[in-house]
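Computed from the coordinates by the stated procedures, all read-outs in this text should not be read as laboratory data. Here the structure is a predicted model, which is why all the values come from computation and not from measurement. Every residue, glycine among them, receives a Cβ derived from its backbone with ideal geometry; neighbour counts consider all protein chains shown.
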Amino acid sequence: MRALLTIATMVLGAGVAQGQMPEQAAWVPVTPKAVLAAAVAEVIRPNILQLDEASGGLDRAMEALCAMPSADSLAIAADQFGQVVRAYGAIAFLRLGPLLEDNRADRLLFWPDRRSIGLKQVHAILATEDASATELASLQGKSVAVQGLGALEFVLFGTGAEALSAQEGAFRCRYGQTIAANIAAMAGELTDDWYRPDGIASHLQTPQPDYSDYRTETEALEALVGLVSHGLEALRDKHLLAFMARDNAAARPKLAVFWRSDLTMAYARANIEGMRKLVAASGAARAVSDKQQGLENTIDFEFRNAIRALDLITLPVAAAVADEKQAAALSYLVLVTGSLQSIIGEQLSAALGLSVGFSALDGD
Amino acid sequence: MWQRRAFLQAAGAGFAASLLPRQALALDASELVFASAVQTANGSYGAVLLGEAGELIAGIALPDRGHDVTISRAAGRGVVFARQPGTFAVVFDPAGNAVPVTLTSSAGRHFFGHGVFSPDGRLLYATESDFEAARGVVGIYDATDGYRRMGEFPTYGTGPHEMLLMPDGVSLVVANGGIETHPDYGRAELNIETMDPSVVFIDRRDGRLVGQLRLAAGLHQLSIRHMAIDARSRVWFGCQYKGAPSESPQLVGHASMDGEIALIELPAETLVDLRNYVGSVAASTDGATIAISSPQGDLLVVIDAAAGRPRLVQTLRSGCGLAADGDGFVASSGLGEMIGLAGAKRAPQRYDFQFDNHLLRVG
């Protein structure tokens, strides 16, 4: 651990030492109600809208690609795919209500796919030109693994994807177009749910004792803080550690999400930035007593460290894990996510008087 | 009841002495009644042994977060299991005469947090994961030979969680939660769409499947996790629902070795307050009532086992641990509280540690 920290200090430079924090601004505590209101208005709804918009663009780009296949239209679709991956990264940790209805989280991104179940199913659809995968309703009835971003990544970037720029890829394109339509449909449903009158947004912002989801501000705050704590854990366990070298085992970059499209770290960055925004814009770390006011800076300091580490990981993931400096930055990113999880899940929770982080919300 | 002896001279003394030195004097006069995994005030993990009045008798330091505790009077030992996907189990001497021993799960296996001794105390059974194959196993350990792992048999499902010994002393009942996890991905749930929970009865002598019970197909996302046995040898179970949060399926039911499995009808308002989550299940001393808890909903429910109807609903913030106590129950919480419930004559107490999900009453 000490060696790793030394490396991290080397790669990150001297400017991140804890003692070099800027002077703190005057302390302005906010109320839990304001935190909940801002979380929805400033972060959740805008990020959901961003996914809706990007998904619509991807849907149109796939439609254009299938109508007029070419290298250019394929490049546009691929670029639009990247925008959706980033937009999803910024909301993937919002694992409450709408994202958990109808298996949407798994249908949008079935990951990890430890035994390559999804990949095998996608291969089978392409090999047999399964027409039922090109109708939205029947695709939605299939395995979650063949109807979301993982499947579409294989269509656009996997073996044989070059066929998409010509007519010979017509079936593959129609399947991809149907997946894009499915993603857009789910993004639309998420938007509807988050904007529905008397829906989750108002319940989260203004909890009432007779609501079935959030009865008190404490319960709503627990949910909000839990999202970040658990989101950090998921990022680390599902999207970083899974492919990194550890315990004398070599790195396995093909276990990285979105390795084919080289969007692994873009997704991680969107995830980190989304969680940072949720904490910062909601003011969650300002709804504490003045004795705890240092938490806000501590948390943002660690988020900035995570982003600095991400800045250093510029190579595709297969090359990054083989590069000493970039592999060290990855390891440091893992350390920081652990530190952030502890600060938010334990220290911030305690400062807010929440029970998140122990038996209540990470059950067994 | 366990008789305490020289606990302070044993390895557990460090924990007891450093955590709450003023409690050490209570050791000689008290008897061990409750055990639970905890998180201490400084964030470290351990297990505590409590007396009848709730006084701290001793603590056992753990390398990481524990989950459930099992104790065998015949073996003269207790075991704290790591929370899934942990790889350790700590064997301790409740009398404080022997140094705790840490077991490590074998290669390719991790613990699920629960286990049970054979009636004669010679064997320890633990629910474990054969994670490469995504199948549950029962690890068998020889308590007479340093807890050497003798072998294993399948749980006939994925993600086994709590395991109990049936009153016949021969059958094990295992709750296969149905959820696949793999240590490469931490606690991430890998098969929510296709999960397949079940209750299984296994003959512990040869690992033979005696019976496997599943709920209706539409309830395949209802993870069966925790259990207790009533006066009629029925196995009461509590579930955690992994489907859409807007749905509120029934969460509590019972199964029997006769092959029956059924969910009971809890009122809609109670179900809503359980938040699709039951964290532990306990039976009263006479087996006539069953208590369930939801730390997510801050709710405790006591059920008349014969009638299959709730008798009492009570709130306890972050309440999860449950154990029989007098005519009722005692409940513990993730905020360090312990209260009496449903007729138990017990004043509420608060500790400077947080209770984990399960509270064991030492028989």
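Can you order the peptides A:96-108, B:161-173 by their average number of other Cβ atoms within 10 Å per residue, highest first?
A:96-108, B:161-173
Return one quarter of the surface area of the convex hull spanned by the alpha-carbon atoms of segment B:125-269, equal to its mean projected area, in nm². Can you show the working numbers first?
Values: hull surface 39.7 nm².
Mean projected area for segment B:125-269: 9.9 nm², to one decimal.
Quantify how strongly other chains surround peptide A:79-88 by giving the mean number of their Cβ atoms within 10 Å of each of its Cβ atoms.
Counting Cβ atoms of other protein chains within 10 Å of each residue's Cβ and averaging gives 0.
Regarding the protein assembly as shown, what whole-number volume in Å³ per residue does the convex hull of its Cα atoms give?
Measuring per residue, one finds 161 Å³ for the Cα hull of the protein assembly as shown.
Dipole of chain B (Lys/Arg Cβ +1, Asp/Glu Cβ -1, origin at the Cα centre): which of B:Ala268, B:Leu165, B:Gly78 lies farthest to the positive side?
Projecting each Cα onto the dipole axis, the largest value belongs to B:Gly78.
Sort out for me the Cα centre separation of segment B:218-283 from segment B:62-116, rounded to whole Å.
Cα centres, segment B:218-283 to segment B:62-116: 27 Å.
May I ask for the distance between the Cα centers of segment A:44-100 and segment A:217-266, given as a whole number of Å?
Computed from Cα coordinates, the inter-centre distance equals 20 Å.
Per residue of A:217-226, count partner chain C-beta atoms within 10 Å of its C-beta, then hand back the mean as an integer. Before the final figure, lay out each step's value.
Details: counts 0, 2, 4, 0, 0, 2, 1, 0, 0, 0.
That works out to 1 on average.
Quote the charge dipole size of segment A:163-250 about the Cα centre in Debye, to the nearest 20; the model charges only the Cβ of Lys and Arg (+1) and of Asp and Glu (-1).
Using Cβ point charges on Lys, Arg, Asp and Glu, segment A:163-250 gives about 580 debye.
Rounded to the nearest 500, what is chain B's calculated 222 nm mean residue ellipticity when only DSSP H runs of at least 4 contribute -39500 (n - 2.57) each, over all residues? Can you show the working numbers first?
Details: 2 runs with 14 residues, N = 363.
Helix-only estimate at 222 nm: -1000 deg cm²/dmol.
Among B:109-115, B:59-65, B:216-222, how do they line up from the highest to the lowest mean number of other beta-carbon atoms within 10 Å?
In descending order of packing, they fall as B:109-115, B:59-65, B:216-222.
What ranking do B:226-236, B:288-298 get when scored by the average of other Cβ atoms within 10 Å per residue, highest first?
Ranked from most to least packed, the peptides come out as B:288-298, B:226-236.
In percent, how large is the relative contact order of chain A, given Cα pairs closer than 8 Å and 6 or more residues apart?
Once divided by the residue count of chain A, the mean separation gives 24 percent.
Calculate the mean, over all residues of peptide B:180-190, of how many other protein chain Cβ atoms lie within 10 angstrom of the residue's Cβ.
Taking the mean over all residues of the peptide, I get 6.
Amide H to amide H under 5 Å from B:Glu31: which residues, 5+ apart in sequence or cross-chain, H placed 1.01 Å off N in plane?
Amide H neighbours of B:Glu31: B:Glu52.
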